[in-house]
Amino acid sequence: MDMNDIFESGCFSPGWLEKNPEVQEEPPVPQRKDLSVLLGELEQIKNNIENLQAKQWYLARLIKYHEEGFSQT
C-alpha cells in the first residue's frame, strides 16, 4: 500500500504531522522598509479604499433605482 492509498483511505500514521527533525527551519528575517516606501504603500491603500467607496456608492444607487422600479425590464 503506497502513501496515496493510505491518504485516500483516511488512515494516517501516528506521526504524520510531526516535523522532520533532520530539516531545520531558519528563523524568519524581519522585513524593514524605508519610510518613503511605507508612505507610498499607505497612499495606495487610501486610493484603493476611495475607489471601493465610490463603487459601493454607485452600486447602492443602482440597487435603489432597481428596487424603486426605475430600471427598464
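The values are calculated or read from the model by the stated rules, or taken from the named source; none is laboratory data. Here the structure is a predicted model, which means the values were calculated and not measured.
Quick notes
- Filter pass, Ile6 being modelled with pLDDT under 85 and either of a type in the set (Val, Ile, Thr) or outside any loop (DSSP other than H, G, I, E, B) (or both): yes
- Scanning region 26-73 for residues that are acidic (Asp, Glu) and assigned to a loop (DSSP other than H, G, I, E, B) yields Glu26, Asp34, Glu68.
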